[in-house]
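Read through the structure below, which is laid out as structure tokens, and then see the notes.
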Amino acid sequence: MEGLPAQPNRSVMEGIEVLFAVAGRRAAVRVRPLARELGMTPTRVQRYLATLAHLGLARRNPDRSYAVGAGIHALSALSLSASGLAARAMRVLPPLGAAGCIVAVGVLWRHMVSYLYFSQPGMPRSESLGRTEGYPAEHSSIGLLLLAHRGADYVKRYFPGESDRLLPRLEEVRRTDHAVIERPEGGFSIAVPVGMPPFAGLAVSGEIAGGSIPALLERMRAAGRELNGKDPSTNPS
């Protein structure tokens with residue numbers, strides 16, 4: 001993430017905060033609760049929401065609550081289509097779940113991981129795109145991987161009470177360029193980068209034997225390069 005510019009546009013920043021707050025909900029939201037959550041005045045939040053509704057990025061309901069507008073769905077479809085990521089994910093990722101594992105591709109926003117692709121064993125392939133809620137980054141192998149590439153200032157800002165614990169672990173993740181979490185119930189969650197610097201992480205989670213991790217990492221890195229639109233034969237790990 002780039003540093004704050006010398007003369008940031010605060011209105012743009014606040015408007016995007018409001019947009020993300022609306023887009024991240026399954027249910028519509030009212031002005032006052034959203035204002036409390038974001039630490040803004042109701043008048044300011046109302047102005048942002050009315051502007052977003054005018055642009056089609058939000059939708060004003062008859063009860064004066066706000067929900068996601070058609071523009072957000074259009075933006076999502078356009079970005080996935082233009083990048084080719086959705087098509088590549090549907091082609092590249094299913095074999096990684098053949099051993100009964102969860103396969104996921106996620107991005108980091110603030111302190112949460114949002115999933116572009118999430119497939120559980122037995123799930124129809126058509127349900128794997130954009131299926132799950134966000135997940136706390138500090139408990140996610142994808143989250144740890146992407147936090148390692150954000151740097152100490154980012155971690156201190158969004159994890160002020162946990163940065164002393166997280167930073168040494170993230171240094172190891174950055175050194176090896178992959179993250180491993182051993183699950184209390186057994187098995188592992190393993191993540192590798194997609195893109196360099198990474199814009200996303202690819203994870204496999206399940207009953208993975210420790211001795212099989214090196215071979216799995218090799219397969220995952222090749223899949224990550226393909227997701228990024230690169231030929232794995234020309235991009236060594």
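Read the figures in this text as sums done on the coordinates, not as results from a lab. Predicted model only: the values in this text are computed from it and were never measured. Here the Cβ is made from the backbone with ideal geometry for all residues, glycine too, and neighbour counts use every protein chain on show.
Match the structure shown to one of the listed values (i) 113; (ii) 160; (iii) 150 of volume of the Cα convex hull per residue in Å³, computed from it, and give that label.
(ii)
Compute the helix-to-body angle for 42-55: its Cα long axis versus the longest principal axis of the chain, expressed 0 to 90° and rounded to tens.
70
Would you calculate the separation in nanometres between label points at residue 175 and residue 207, each defined as 7 Å from the Cα along the Cα-to-beta-carbon direction?
Result: 3.3 nm between the two label points.
Rounded to the nearest 0.05, what FRET efficiency do residue 27 and residue 185 give with R0 = 25 Å and r taken as the Cβ-Cβ distance? Could you check?
Step by step, r from the Cβ atoms, then E = 0.20.
Highest mean first, how do 173-181, 69-77 rank when packing is the count of other Cβ atoms within 10 Å averaged over residues?
173-181, 69-77
Roughly how tilted is helix 70-83, in degrees to the nearest 10 and between 0 and 90, from the longest Cα axis of the chain?
Here the helix axis deviates by roughly 30 degrees.
Under a point-charge model restricted to the Cβ atoms of Lys and Arg (+1) and Asp and Glu (-1), what is the dipole moment magnitude of the chain relative to its Cα centre, in debye to the nearest 20?
Around 880 debye, computed over the chain.
Nothing charged except the Cβ atoms of Lys and Arg (+1) and of Asp and Glu (-1): what's the magnitude of the dipole of segment 10-72 about its Cα centre? Round to the nearest 20 debye.
About 160 debye.
Put a dot 7 Å past each Cα toward the Cβ at residue 109 and residue 123; how far apart are the dots in nm?
Here the answer is 1.8 nm between the modelled labels.
Highest first, please rank the peptides 135-145, 117-127, 82-92 by the mean number of other Cβ atoms sitting within 10 Å of their residues.
My ranking of the peptides, most packed first, is 135-145, 82-92, 117-127.
Return one number: the angle in degrees, 0 to 90 and rounded to the nearest 10, between the long axis of the Cα atoms of helix 10-23 and the longest principal axis of the Cα atoms of the chain.
So the inclination is approximately 70 degrees.
Counting only C-alpha contacts under 8 Å and six or more residues apart, can you give the relative contact order of the chain as a whole percent?
Computed value for the chain: 14 percent relative contact order.
Among 54-61, 101-108, 203-210, how do they line up from the highest to the lowest mean number of other beta-carbon atoms within 10 Å?
Packing order, densest peptide first, comes out as 101-108, 203-210, 54-61.
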